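The values are calculated or read from the model by the stated rules, or taken from the named source; none is laboratory data. Being a predicted model, the structure only gives us computed values, none of them experimental. FYI the Cβ positions are ideal-geometry reconstructions off the backbone, even for glycines, and counts take in every protein chain you see. Accessible surface is based on the protein model in full, side chains and every heavy atom, while ligands, DNA and RNA are left aside. Shrake-Rupley method; radii C 1.70, N 1.55, O 1.52, S 1.80 Å.
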Amino acid sequence: MAKKAVTPRMPAAPPSFRILMIASEAQPFSKTGGLADVATALPKALGRLGHDVTLITPRYRGAPDGPVAGTVAVEVAGHRFSARLLEQPIGRGARVLLLDCPDLYDRDGIYYEAGVDYPDNAIRYAFLSAAAIDYAAQQPQPFDIVHTHDWQGGLAPLYARALGPPGTPGTVLTIHNLAYQGIFAKSWVPRLGLRWDDFTIGGFEFFDRLGFLKAGLNFADAITTVSPTYADEIQRPEYGHGLDGVIRSRHDRLTGILNGIDLDEWNPAADPHLPAPFDIDHLPAKAASKRALLERFGIAVTDETLARPIVGMVSRMVDQKGLDLIAAVAGPLASLDATFTIVGTGEPRYQDMWRRLSQWRPDRISAFIGFDEPRAHLVEAGADMFLMPSRFEPCGLNQMYSLRYGTIPIVRAVGGLVDTVRPYNPKNGQGNGFLFSEYEPGVMLRTIAAALAAFPNKKIWTRLQKNGMRANFSWDRSAAEYVKIYTRLRPARTKRRAPASKRVEGR
Ligand code: ADP
Ligand code: GLC
């Protein structure tokens, strides 16, 4: 029988997108939390996949200078603000443009000072989005996608309407934390160039005020959040912070995509902050980090302290992170057979709590109050366990760093913690950490005690560590999920310049 002729088919080249990202903080230029890690790691990963990404983020005090890639000028609240965009390459296909407007960003703090939000935050973050869109409008080649993050970037989908049609980019909003919503007096509406027509329940009105995040939720073409479990949770009143109804009404546009971690930055085999490298095949070398951790935190290094398990925390000290649970059982916690090494900043009452505990039991508890990257790395590496009893946790990065560093997470079963930490099952040896569900101090304490009880069995413990170290949290996987969303919004890139589509009117 004659063979059928096979016509060779070239695989279609995957579309490559031009993406404009907007984020209010980005590593290594500014950071208060995980958003900064994601804001840089995601563009880098998209760049590796062949896309072209420009991230616009404010140049806060202390960020570097750089070549001027453009200038923008936008009127916000009756004043014409202008800024230079200073370029910083962050890898193949990806660059950061630091929005240099000293009047708005060259300050002691990022969002607040002495615990009080800057009174002009509405202007500062309206300008961030408006400036990014002004930059986009000046480019000879349009962007396919505007991808913005959190409330600070919430107005971008609205401002992006100025870019077309034709040539309107698809807009994506990523929620990193629904608890922060950017809510301001309604008198800002006209001052920020917004229309009263959109001051509705289905627009950006939130209890008679203006909600930046709500604007993003209602006007972006696609919404993502940083873990599948959090995507489910925020549709319920317990986790919805008053926006669960809005999110339910937009659930067909919502996708949960688990964050990755920067595998170069957080790599125990090549971490400049550690005294010695280690990895899954050289786990005993982790002991050098434990010793260094004790030294750095001023706890005597003895056979006893080296043998005693260390519980670490690196955290914003706020209610979200379960600090009230810890406060409720601080006494019993300090009596456990464990050493606690803590790094964090946040609410004064929690900072004071850790200071008091450190003074009370200096041999067992040592807290560093401040933001300190090298210490954060050393805690991840040198501790035996990592505590994250969050009330809610959109994703959480520290538990993933912990897993990679052979440090066993003890976490509340919520949000991204559920999606990354699997309970240890002594029957089949599977799992990589300890979880508890009920938000209750005693339950947390019992879970920590269970982890401490498992610790002396080195066979079990090593197995748990290795299970965690084998997990793959690469950004490439997550970035590919974002590309699927971009592709849904812009299925045929060549049709991008087609005349006004129904999609725009339909919103
Ligand atoms: P969140 O963004 O809610 O604070 P994540 O776990 O997503 O929580 O990310 C927190 C990030 O900030 C991690 O990279 C963590 O190491 C870092 N971090 C938090 N507090 C400190 C601190 N005091 N010093 C150094 N790094 C910190
Ligand atoms: C937020 C969340 C945290 C998440 C981070 C990065 O700050 O609180 O859970 O990991 O954003 O997405």
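Could you list, in sequence order, the residues of region 221-230 that are in a helix (DSSP H, G or I) and either open to solvent by 10 Å² or more (accessible area, probe 1.4 Å) or among the polar types (S, T, N, Q) (or both)?
Correct list: 228, 229.
Being within 16 Å of ligand 1 (Cβ to nearest atom), open to solvent by 10 Å² or more (accessible area, probe 1.4 Å) and in contact with a strand residue (DSSP E or B) (Cβ under 7 Å, 6 or more places away or on another chain) is the filter here; which residues of region 151-191 pass it?
Those that are within 16 Å of ligand 1 (Cβ to nearest atom), open to solvent by 10 Å² or more (accessible area, probe 1.4 Å) and in contact with a strand residue (DSSP E or B) (Cβ under 7 Å, 6 or more places away or on another chain): 176, 181.
Here are the criteria: (1) in contact (Cβ under 8 Å) with a residue 60 or more places away in the chain; (2) within 16 Å of ligand 1 (Cβ to nearest atom). Tell me which single one residue 486 does not satisfy.
Answer for residue 486: the failing condition is (2).
Any idea how many residues of region 316-348 are charged (D, E, K, R), assigned to a helix (DSSP H, G or I) and more than 8 Å from ligand 1 (Cβ to nearest atom)?
2
Quick grid of which residues meet (1) assigned to a strand (DSSP E or B); (2) charged (D, E, K, R):
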site	(1), (2)
355	no, yes
358	no, no
375	no, yes
391	no, yes
400	no, no
410	yes, no
428	no, no
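Answer yes or no: is there a residue in region 429-437 that is open to solvent by 50 Å² or more (accessible area, probe 1.4 Å) and either outside the structural domain of residue 311 (by TED's automatic domain parsing) or more than 14 Å from ligand 2 (Cβ to nearest atom) (or both).
Taking every residue of region 429-437 in turn, at least one turns out to be open to solvent by 50 Å² or more (accessible area, probe 1.4 Å) and either outside the structural domain of residue 311 (by TED's automatic domain parsing) or more than 14 Å from ligand 2 (Cβ to nearest atom) (or both).
Is it true that some residue in region 461-468 is over 27 Å from residue 39 (Cα atoms), at pLDDT below 95, open to solvent by 20 Å² or more (accessible area, probe 1.4 Å) and among the β-branched types (Val, Ile, Thr)?
Taking every residue of region 461-468 in turn, none turns out to be over 27 Å from residue 39 (Cα atoms), at pLDDT below 95, open to solvent by 20 Å² or more (accessible area, probe 1.4 Å) and among the β-branched types (Val, Ile, Thr).
How many residues does region 52-96 contain that are assigned to a loop (DSSP other than H, G, I, E, B) and among the charged types (D, E, K, R)?
Within region 52-96, residues that are assigned to a loop (DSSP other than H, G, I, E, B) and among the charged types (D, E, K, R) number 4.
Which one is farthest from residue 126 (Cα to Cα), of the residues in region 77-94 that are open to solvent by 50 Å² or more (accessible area, probe 1.4 Å) and not acidic (Asp, Glu)?
The selected residue is 92.
Which residues, counting only those in region 167-184, are more than 16 Å from ligand 2 (Cβ to nearest atom) and at positive phi?
Listed by number, the list holds a single entry, 167.
Going by the conditions given, is residue 481 in contact (Cβ under 8 Å) with a residue 24 or more places away in the chain, within 24 Å of residue 256 (Cα to Cα) and open to solvent by 30 Å² or more (accessible area, probe 1.4 Å)?
yes
Inside region 351-367, can you point out the residues that are among the hydrophobic types (A, V, I, L, M, F, W, C) and within 16 Å of residue 383 (Cα to Cα)?
365, 367
Starting from residues that are open to solvent by 30 Å² or more (accessible area, probe 1.4 Å) and in contact with a Lys or Arg (Cβ under 8 Å, 6 or more places away or on another chain), keep the ones in region 368-406 and report whichever is modelled with the lowest pLDDT.
371
Would you tally the residues in region 150-199 being free of Cβ contacts under 8 Å to residues at least 60 places away in the same chain, charged (D, E, K, R) and over 28 Å from residue 226 (Cβ atoms)?
3
Let's see how each residue does on (1) hydroxyl-bearing (Ser, Thr, Tyr); (2) in contact with a Phe, Trp or Tyr (Cβ under 7 Å, 6 or more places away or on another chain); (3) over 27 Å from residue 265 (Cα atoms):
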position: 65; (1), (2), (3): no, no, no
position: 75; (1), (2), (3): no, no, yes
position: 80; (1), (2), (3): no, no, yes
position: 94; (1), (2), (3): no, no, no
position: 101; (1), (2), (3): no, yes, yes
position: 112; (1), (2), (3): yes, yes, yes
position: 120; (1), (2), (3): no, no, yes
position: 123; (1), (2), (3): no, no, yes
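Limited to region 276-315, what total is found for residues that are open to solvent by 20 Å² or more (accessible area, probe 1.4 Å) and in a loop (DSSP other than H, G, I, E, B)?
Total meeting the criteria: 11.
Go through the residues of region 112-126 one by one and say whether even a single one is free of Cβ contacts under 8 Å to residues at least 60 places away in the same chain, charged (D, E, K, R) and assigned to a strand (DSSP E or B).
Checked region 112-126: at least one residue is free of Cβ contacts under 8 Å to residues at least 60 places away in the same chain, charged (D, E, K, R) and assigned to a strand (DSSP E or B).
Somewhere in region 209-220, is a residue within 16 Å of ligand 2 (Cβ to nearest atom) and either under 30 Å from residue 283 (Cβ atoms) or assigned to a loop (DSSP other than H, G, I, E, B) (or both)?
no
Anything in region 359-368 that is within 15 Å of ligand 1 (Cβ to nearest atom) and without any contact (Cβ under 8 Å) to a residue 40 or more places away in the chain? List them, or say none.
Passing the criteria: only 367.
Go over the candidates 107, 59, 48 one by one and state the one that is basic (Lys, Arg), open to solvent by 20 Å² or more (accessible area, probe 1.4 Å) and touching a residue at least 60 places away in the same chain (Cβ under 8 Å).
Of the residues listed, the single one that is basic (Lys, Arg), open to solvent by 20 Å² or more (accessible area, probe 1.4 Å) and touching a residue at least 60 places away in the same chain (Cβ under 8 Å) is 48.
Going by the conditions given, is residue 263 under 16 Å from the mean Cα position of the chain (by Cα), under 22 Å from residue 482 (Cβ atoms) and either among the hydrophobic types (A, V, I, L, M, F, W, C) or in a helix (DSSP H, G or I) (or both)?
It is true that residue 263 is under 16 Å from the mean Cα position of the chain (by Cα), under 22 Å from residue 482 (Cβ atoms) and either among the hydrophobic types (A, V, I, L, M, F, W, C) or in a helix (DSSP H, G or I) (or both).
Would you be able to say whether some residue in region 232-251 is touching an Asp or Glu at 6+ places or on another chain (Cβ under 9 Å), open to solvent by less than 30 Å² (accessible area, probe 1.4 Å) and part of a loop (DSSP other than H, G, I, E, B)?
yes
Listed residues 233, 205, 238; which is in contact with a Gly (Cβ under 9 Å, 6 or more places away or on another chain) and more than 16 Å from ligand 1 (Cβ to nearest atom)?
205
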